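Below is one structure, written out as structure tokens, with a few remarks after it.
What follows draws every value from the coordinates through simple rules; no lab data is involved. Model, not experiment: these values are computed from the prediction. Note that we place each Cβ from the backbone using ideal geometry, even for glycine, and neighbour counts take in every protein chain shown.
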Amino acid sequence: MIAVIIFIGAMSGVFTAAGLFALITSVGVINRYADVSGTSRHVSLYEECIIIGATAANAVYVLGITVRIGMTGCIIFGLISGIFIGTFLISLAETVKALPIFVQAPVLVLLWRRQRQEKH
């Protein structure tokens with residue numbers, strides 16, 4: 001029974017990491033990072049770092065590993081995490097600029113149909 005729980009936990013972590021990586025790459029955020037920073041030749045390094053980081057974080061969480069980094073380590077981790085989240089959100093926002101167009105398109109279609117019905 002414990003082997004089943006360990007297997008389910010490990011697979012949950014693997015699928016979570018794979019889902020996060022799939023989201024980041026499918027939206028094109030990694031390429032946007034590379035374009036903005038002028039490091040397009042290192043895209044594969046960015047992808048590998050995201051895979052390793054997500055896998056390591058899931059392993060720490062699922063296996064309950066305690067990482068003792070002290071107050072200085074917490075401050076550094078917080079700064080790095082904040083920088084990543086901030087740049088990720090900015091890149092995501094720039095990547096999906098067309099989102100407002102897609103949100104407004106159904107409304108415009110409904111208005112157009114309503115006008116057409118009123119004319120007939």
Suppose each label sits 7 Å from its Cα in the direction of the beta carbon; what would the residue 118-residue 51 distance come out to in nanometres? 5.6 nm
Excluding residue 31 itself, what net charge comes from residues whose Cβ is under 14 Å from its Cβ, given Lys and Arg +1 and Asp and Glu -1? -1
Cα→Cβ-extended label distance, 7 Å offset, between residue 79 and residue 22, nm: 3.6 nm
